[in-house]
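A quick write-up on the structure given underneath.
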Amino acid sequence: MIEITGPRVDGTDDILTPEALAFVDHLHQAFAARRQELLLERQRRRSEAGNGRDPRFLSATEAIREDPHWRVAGAGPGLEDRRVEITGPTDPKMAINALNSGARVWLADQEDATSPTWANVVGGQRTLFDAVRGQLAFTSPEGKDYRVTTPHEHTPTIVMRPRGWHLVEKHLAFTDRAGRTAPASASLTDFGLYFWHNAEELVASGRGPYFYLPKLESHLEARLWNDIFVFAQQRIGMPVGTVRATVLIETIPAAFEMEEILYELRDHCAGLNAGRWDYIFSIIKTFLGRGKRFAFGDRSGITMTVPFMRAYTELLVATCHKRGAHAIGGMSAFIPNRRDAEATERALAQVADDKRREAGDGFDGTWVAHPDLIPTALAEFDAVLGDRPNQVGRLRDDVHVTAADLLDITSAGGTVTDAGVRSNVSVALRYIEAWLRGTGAVAIDGLMEDAATAEISRSLLRQWIENRVVTAEGTPVDRALVAGILAEECIRLSSDARAAGVADRFDDAAELLAEVSLAEEFPTFLTIPAYTWFLVDEAERADREELRELAPAV
């Protein structure tokens, strides 16, 4: 049984219907136990990596990789041409901007670009409900009207990204057959509500229920998603194979199982995406205690052209095209500034270089985070694709990537600087503060930051501390240094916010950043303690400290 434990928010009546909740409950009864088993398997593999065992291509699945005959289902209706996809959260204003943007696909993000307040979770589903039906509209508090002006048949195809397997939805309680009650799975909640309300409407409109699958770490996790798709389609009488999924390869274990992931999802798979920022975070986290072989310099030096990132992306393209799947490129973090022409020119040049490289490498499409970047990205892919919808037929037989290539972290080089340390503290602090106020995608210093880039910032700090790094200026990076910078940045940023009349949460953000960067335990995702203890309603906040004292370590 699924029970609503959260407060009533906008969209409750339309989204949290008895029928929709019953479907979410059926998903939990069928799959929640397997989710828990796979999360335990993640812990086991992470422990092995931390104790010196490098990831490797699996010998048990070699026959799948060597079999030349199998192919994935490929693009569904509306996904044949994905040359530019716009990513963003599912609030009405951002959704309308995405639908009017001219992109081929809108990645409707319930994950890293969304702060999972209960209002955002339910409201995002309501936004998607209206968008699918061509009835989305929004009036801002200032009285400005936002409307979808693009004809419905020409709006971007919606691909929804649910939250990852590691997250829960604490505003829904799931009771299993044995009478045990726990928070619902965020993945099953996001998928279930969207599929139940929209799958048939999407097919009727000439498209389909399409998903981006985040944070997968193995082909067994892909198998679980495939079984969920089969179950869901059969439950509503939809032909099996209608769903399409694109998997983000954004963890180092998944990079070693790309073909197996495609194989497990082959009846529902459209492609893979190079989730570059989470991939970098995954490497730092996985090998945190393994010494300087896996250590990085400043975040700004970890580019897509360093050898180990080239190996990862070229393997992804070759793997996808070998199996008839789309290879979708990642998101350059640079964004334009409409008030600063020079900053915009620099950002467009950076994005153009990034997309030119991706198109030249064989990617079939790419991501952008801002509508003003679409013409630049589109021009680079048009120059390569011309009138073709994709370049899946371009096999990269010249690509030969080894395990050593994927793990050649020292090839990145790079130096840690005083400015790099302070930047990581400041960026992570500002992002977390915005996240706690309900905003999941934030423009900071000319870059679009989301949960993944904040993860890089806080994990680099921990990596430098663990490795006793000394900056180029001669400053030892230790807990005391980072804590001192954090205190300084918190005072400065909070003072600025209050001077501007903004009710900020920098004190909470600083407490959380210290916990996820400096405490003895290093949480696998900052969003776990952030969601559990800090992203709380006013009614919950008074009880937070008492609950934290009674709870086990995250």
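The values are calculated or read from the model by the stated rules, or taken from the named source; none is laboratory data. This one's a predicted model, so the numbers in the text were calculated from it and none came from an experiment. In this analysis, Cβ positions are derived from the backbone assuming ideal geometry, glycine residues included, and neighbour counts consider all displayed protein chains. Each accessible area value is taken on the protein alone, full model and side chains, heavy atoms only, with ligands, DNA and RNA left out. Shrake-Rupley method; radii C 1.70, N 1.55, O 1.52, S 1.80 Å.
Exactly one residue out of Arg44, Arg35, Arg56, Arg82 is part of a helix (DSSP H, G or I) and in contact (Cβ under 8 Å) with a residue 40 or more places away in the chain, and it is Arg35. Within region 416-427, residues that are over 18 Å from Ala454 (Cβ atoms) have Cβ atoms under 6 Å from residues that are open to solvent by less than 10 Å² (accessible area, probe 1.4 Å) and of a type in the set (Asp, Glu) in no pair, counting only partners at least 6 apart in sequence or on another chain. Scanning region 133-159 for residues that are farther than 10 Å from Pro92 by Cβ, open to solvent by less than 30 Å² (accessible area, probe 1.4 Å) and not β-branched (Val, Ile, Thr) yields one hit, Pro156.
Per the conditions (1) of a type in the set (S, T, N, Q); (2) surrounded by fewer than 24 Cβ atoms within 10 Å (Cβ to Cβ); (3) farther than 29 Å from Pro151 by Cβ, the sole criterion not satisfied by Ser205 is (3).
Beta carbons closer than 6 Å, at least 6 apart along the sequence or on distinct chains, pair a first residue in region 344-371 that is among the polar types (S, T, N, Q) with a second that is not in a helix (DSSP H, G or I) for Thr344/Pro336; Thr344/Asn337; Gln350/Phe334; Thr366/Gly329. Assessment of region 212-231 against the conditions (modelled with pLDDT under 95 and open to solvent by less than 10 Å² (accessible area, probe 1.4 Å)) yields no matching residue.
The residue list Asp504, Asp508 contains one member that is open to solvent by 10 Å² or more (accessible area, probe 1.4 Å) and in a helix (DSSP H, G or I), which is Asp508. Across region 160-202, the number of residues qualifying as open to solvent by 50 Å² or more (accessible area, probe 1.4 Å) and either of a type in the set (Ser, Thr, Tyr) or modelled with pLDDT of 95 or more (or both) comes to 5.
Looking at Leu535, is it buried (at least 19 other Cβ atoms within 10 Å of the Cβ), modelled with pLDDT under 95 and closer than 28 Å to Lys170 by Cβ? For Leu535, the condition - buried (at least 19 other Cβ atoms within 10 Å of the Cβ), modelled with pLDDT under 95 and closer than 28 Å to Lys170 by Cβ - is met.
Among the residues that make up region 478-501, is at least one of them outside any helix (DSSP H, G or I), under 29 Å from the mean Cα position of the chain (by Cα) and surrounded by 14 or more Cβ atoms within 10 Å (Cβ to Cβ)?
No, region 478-501 contains no residue that is outside any helix (DSSP H, G or I), under 29 Å from the mean Cα position of the chain (by Cα) and surrounded by 14 or more Cβ atoms within 10 Å (Cβ to Cβ).
Of all the numbered requirements in (1) over 30 Å from Ala428 (Cα atoms); (2) touching a Lys or Arg at 6+ places or on another chain (Cβ under 9 Å); (3) open to solvent by 40 Å² or more (accessible area, probe 1.4 Å); (4) in contact (Cβ under 8 Å) with a residue 12 or more places away in the chain, Gly76 misses one, and that requirement is (3). Taking the criterion of being buried (at least 19 other Cβ atoms within 10 Å of the Cβ) and among the small types (Gly, Ala, Ser), the residues of region 325-345 that qualify are Ala325, Ala327, Gly329, Gly330, Ser332, Ala333. Across region 373-413, the qualifying residues are those that are in contact with a helix residue (DSSP H, G or I) (Cβ under 8 Å, 6 or more places away or on another chain) and under 25 Å from Ala441 (Cβ atoms), and the one among them that is surrounded by the fewest Cβ atoms within 10 Å (Cβ to Cβ) is Ala379. Checking region 346-355 against the condition returns a match, with at least one residue being on the phi < 0 side of the Ramachandran plot, surrounded by fewer than 20 Cβ atoms within 10 Å (Cβ to Cβ) and among the charged types (D, E, K, R).
Would you mind finding the one in Val384, Val421, Val401 that is outside any helix (DSSP H, G or I) and either farther than 25 Å from Asp353 by Cβ or over 23 Å from the mean Cα position of the chain (by Cα) (or both)?
Val401 is the lone residue from the list that is outside any helix (DSSP H, G or I) and either farther than 25 Å from Asp353 by Cβ or over 23 Å from the mean Cα position of the chain (by Cα) (or both).
Note on region 27-73: residues that are among the basic types (Lys, Arg) and open to solvent by 60 Å² or more (accessible area, probe 1.4 Å) total 6. Within region 431-462, the set of residues being assigned to a helix (DSSP H, G or I) and surrounded by fewer than 23 Cβ atoms within 10 Å (Cβ to Cβ) comprises Ala434, Leu436, Arg462. Scan region 310-343 for residues that are without any contact (Cβ under 8 Å) to a residue 12 or more places away in the chain and assigned to a helix (DSSP H, G or I) and jot them down. Across region 310-343, the qualifying residues are Arg310, Ala341, Glu342.
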